[in-house]
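**Q** So that we are looking at the same thing, I have put the structure below in structure tokens.
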Amino acid sequence: MSKIRIYALAKELGLDNNEMLELLDSMGVSYKSASSTLEEDMVETIKALVSEDRQTQNTGTQAVAAAKAAAQPAAEEAPGSDVPHRAPVVTIMGHVDHGKTSLLDYIRKTRVAAKEAGGITQHVGAFEAQTSKGKIVFIDTPGHEAFTSIRARGARVADIAIIVVAADDSIMPQTREAVAHAQAAKVPLIVAVNKIDLPSANPDKVKNDLMQLGLVPEEYGGQTITVELSAKTGQGVEELLDYISLVAEIEDLRADPKGEFKGVIIESKVDKQAGVLATILVQEGTLNVGDFVVVGETYGKIKAMTDSNGGRVKNAGPSTPVQVLGFSEAPVSGEIVSGAKNEHEARDIVARRKEEREAAAEATTRRKLSLEEVMGSLEQRREVNLILRADTQGSIEAIQGIFGRYTTEDVDVNVLLSGIGAPTEGDVLLASTAEATILCFSVTPSAAVLKVAEQKGVDVKSFRIIYEMIDEVERLMKGNVEPVFEERYLGRAEVRQVISVPKAGKIAGSYVQDGILRRNAKVTVRRGKEIVYTGTISGLKRFKDDVREVQTGYECGVNLRDWDAVEVGDILEATETVEVKA
Ligand SMILES: Nc1nc2c(ncn2[C@@H]2O[C@H](COP(=O)(O)OP(=O)(O)OP(=O)(O)O)[C@@H](O)[C@H]2O)c(=O)[nH]1
């Protein structure tokens, strides 16, 4: 008996993965995914628990429920457990030429059902593959686009990311970028180590190199699923599909075909003959021919729908990509599509959105974000996400070394991606997904990149001095909140003599009784109970010398800005404005 993976143990005990994970949760066992391994003694404990329960005539499911109930008296029911499962939506990403298109083509060729008579398989940005474990939807638009803009609205297109890495080339800049995108979107990833048919293939090197990205392959005791395959010969592709189904099962993806319709635009184009053709991925509910739908500030009526095999369909349920005809303007990919009961309602929704946008645009120019909005819930750890661009690898390492020390109890500083050279549009997309700031050190962003950044609301900041960059990070760590200032008591002095100096006006010869007096400090002058002046200490002297501050027990000459009526016996009380930590 040795270590065993959670899913394997679940299978052995006849539980499904989710039941097993629930059981582990109830026992307080930590794991990352169903492919995590369990120690031998833990395996024994679980087996004993399940078998004990079965002996007392409980099924495995009841064992889970019992353990769960014991550990969490008020455990919530899994949301929507009666909602049916839906197919996973997968995106394939990776470095140029590592084989993304070849892998998609291989899957499409071998897994897509025969075309309907007369139907032509056309490029619609997504297709459905049939596997022994059910349907898998592949998005074949550039992977990172599947994660961009809509993330901000709390939705995502892809459920799982496949990162393709050529076994003869290993980790390359776009591999890093792809991994960063998947991590920022918080989708599970599977690494497809491609081209293993090549004599120069070195899959072990790929697995080793993955660790540089913090991805530890399962074989090395980590959590990252890696599959060796060849998009050319098809070797290993079946295994990849199996893993996708496994991850999908763990993710417990569900959607109600009877629920309210919601979808997302995958792609759109204007066809000279047909007009606007848009591919919608149905995410919830069902889309029917004849339905009114709203996208952003436009609406349309679905006139015709084609599935990804080119066949005409009348309706489409969750996790189905369909190409639709019925929009008058091409909608933007990533936009959310929702339904409307009729044309009247569709028009109303569009009108309301226009109003809201205009009002919001006006408001953002004046409105300050609330603390809660900027920092999220105060109990949560906050994250400062950064993308770092610098002139040399040396600079990157130095800066990362410094940032590495910056994570505190409340704030994580994450460098999502770093690279040599000016930031790219890809960086901006990632930053927009992950709400990251792009920091440039000794590199200059191009005007085109700055423009995209502005459109997406991404901050790109350039520095030539490392400490200024660090100051910026500290500012971001403070949560971008407007600084809060507080008036603090500095010290008190008694006026013992008033000296008139021709050009300087009156100088209050004073004795510091408590604390300190400081030049430029705010000061209140009391005469008995009355406040006779509030202003600033504009000058401070010890004998003939100008000084910055004077301590308790010393005498000094004080100049008060724009005020000449000081008298012997007056009490000067100095305060200073300090920034309080948020
Ligand atoms: N021998 C071998 N060649 C492969 C394999 N997969 C892809 N190739 C070849 O690698 C080259 C690049 O493959 P693509 O599928 O176009 O790669 P890509 O990642 O889609 O490239 P871009 O779309 O340009 O980013 C092509 O010449 C493919 O024929 C494989 O498994 N084995």
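**Q** What pairs from Lys232/Lys314; Lys133/Lys232; Lys100/Lys186; Lys186/Lys456; Lys100/Lys258 go past 27 Å between their alpha carbons?
**A** Beyond 27 Å: Lys232/Lys314; Lys100/Lys258.
**Q** Continuing with this model, one more query. Which lysines, on any chain, are close to Lys3 with Cα under 25 Å apart, when same-chain ones fewer than 8 places away are left out?
**A** Straight-distance partners of Lys3: Lys11, Lys32, Lys47, Lys68, Lys205, Lys207.
**Q** Continuing with this model, one more query. Where the centre of each part is set by its Cα atoms, how far does region 197-254 sit from region 1-37, in angstrom?
**A** One Cα centre to the other: 20 Å.
**Q** Continuing with this model, one more query. Can you list the residues, at least 5 places off or on another chain, whose amide H is less than 5 Å from the amide H of Glu383, using H built in the peptide plane?
**A** It is Asp412, by chain and number.
**Q** How large is the Kirkwood hydrodynamic radius of region 421-470, in angstrom, based on all distinct alpha carbon pairs?
**A** Hydrodynamic radius (Kirkwood, Cα pairs) of region 421-470 is 10.8 Å.
**Q** Which length gain, in nm to one decimal place, applies between Glu486 and Ser102 when the Cα-Cα distance is subtracted from 0.36 nm times their residue separation?
**A** 132.0 nm
**Q** With the alpha-carbon atoms as the only input, what is the per residue convex hull volume for region 486-582 in Å³?
**A** Residue-normalised Cα hull volume stands at 96 Å³.
**Q** If you don't mind, another one. Using amide H atoms built 1.01 Å from N in the peptide plane, name the residues 5+ places from Thr286, or on other chains, whose amide H lies under 5 Å from its own.
**A** Amide H neighbours of Thr286: Phe261.
**Q** Karplus couplings for region 299-316 from phi (6.51 cos²θ - 1.76 cosθ + 1.60, θ = phi - 60°), rounded to Hz, Gly and Pro as x?
**A** 9, x, 10, 5, 8, 8, 9, 10, 7, 6, 8, x, x, 5, 9, 9, 8, 9
**Q** Excluding residues on the same chain fewer than 8 positions from Lys303, give the aspartates and glutamates whose Cα lies under 16 Å from its Cα.
**A** Those aspartates and glutamates meeting the cut-off are Asp271, Asp291, Glu329, Glu343.
**Q** Another question, if that's okay. Any chance you could check the Cα centroid distance between region 451-465 and region 376-435 for me, in angstrom?
**A** Their Cα centres are 13 Å away from one another.
**Q** Shifting gears a bit: Thr536's amide H: which non-local residues (gap 5+, or another chain) put their own amide H closer than 5 Å, with H modeled 1.01 Å from N in plane and none for Pro or chain starts?
**A** Here Val523, Arg561 satisfy the definition.
Every number here is computed from the coordinates shown, using simple stated rules; none is lab data. Keep in mind that this is a model prediction, so the values were computed, not measured.
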